[in-house]
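A.B. asks: I have a structure here, written as structure tokens, and I will follow up with some questions on it.
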Amino acid sequence: MGLFGFGKKRAKKQAEEAVEESKDVEKSTEKSDQTSQADRDETAAEQDEAEQSGKGPWDSMDSDAPDTDEYLDIGALMLPFLKGSELRLKANSQTGDVLGATITYGSSSLELEPFAAPKSLGLWDEVRADLLKANPSCKEVDGVFGKELTLPVKVKGKNLLTRVVGVDGPRWMLRGIFSGPAAKGGKEKDVLDGYLADLVVVRGDEPLAPRDLVPMHAPITPNQRRGEAEDSESKDDENAQIPGRPEGPFDSDQQTEVKTTLSRGPMFSEVR
């Protein structure tokens, strides 16, 4: 009987130890799962950050920027080709200066404005704060390009939703305003988001105050650029064929000689 009684106590103790061990295993597993989930979240965040850092809009000096040989040149912006889209330029009626570009695709549009920015820090945080302060109905959301704003605007008596995106680059900030379906979601949003991501910004060396528009001009097509390059090469070749062509500035006699030489024979038709 004594042995039997001892066996019962021992079995009970073993059972209790097994339960405690099971609880410890569950706690350890739960802690491990939490740690693993935290690691996965951190890894996902790092991947998202890495993916975002590899997206445009691009600076023209970035070695990873897309090839712009087939892009439309409007000065501060090199615009990719998008089948089915239309480009409209906003210009000052008095000076003719280009103030912005709007890409229309389907029922959506994307208005683009490149601004000069400080060298040391980005400008979008300040602009976003100003818009939020000035518009009580404006809301900040997370988007493809970071912090974005949704802003209802009244057009012809109707309230329409717009999506305002800002991207900071080296000494520039590009603002994009999406309207139509692209402000909410769907195919047109994806297409115009991709369009914005493929843009290349040409800041240039011109000194500009922060928030000044980076200069733009009338569109120059890829064929026009190639034609200008060919003309330039042609002129260089013609100058190289002039016998005894002097280096440096020309005096009046030398200028007359160059003009006469370039006008002689079939070469004249090559000069535009």
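The values are calculated or read from the model by the stated rules, or taken from the named source; none is laboratory data. A quick note: this is a predicted structure, and the numbers were derived from the prediction, not measured. Areas reflect the complete protein model, heavy atoms only, side chains present, ligands, DNA and RNA absent. Shrake-Rupley method; radii C 1.70, N 1.55, O 1.52, S 1.80 Å.
A.B. asks: Could you give the radius of gyration (one decimal) and Dmax (whole number) of the Cα atoms in the range 98-201, in Å?
C.D. replies: When restricted to the Cα atoms of the range 98-201, Rg and Dmax are 13.4, 42 Å.
A.B. asks: Between R88 and D125, what length comes free when the chain is fully extended (0.36 nm per residue of separation minus the Cα-Cα distance, one decimal in nm)?
C.D. replies: Numbers: separation 37, 0.36 × 37 = 13.32 nm, distance 2.79 nm.
Here the answer is 10.5 nm.
A.B. asks: Between L99 and V155, what length in nm is gained on full extension when 0.36 nm per residue of separation is reduced by their alpha carbon distance?
C.D. replies: Numbers: separation 56, 0.36 × 56 = 20.16 nm, distance 2.07 nm.
Gain in length upon complete extension: 18.1 nm.
A.B. asks: How large a share of the accessible area of the range 159-198, in percent, is made up of carbon and sulfur atoms when the probe is 1.4 Å and the other protein chains stay in place? Don't skip to the answer; put the middle values down first.
C.D. replies: On the way: 820 of 1540 Å².
Carbon-and-sulfur percentage of accessible area, whole number: 53.
A.B. asks: In Å and whole numbers, how far do the C-alpha atoms of the range 179-237 stretch along each principal axis, longest first?
C.D. replies: Computed over the Cα atoms, the extents are 55, 32, 17 Å.
A.B. asks: For the pairs K90/K156; K90/K147; K147/K184; K133/K154; K158/K184, flag any whose C-alpha to C-alpha distance is greater than 22 Å.
C.D. replies: Result: K90/K147 exceed 22 Å.
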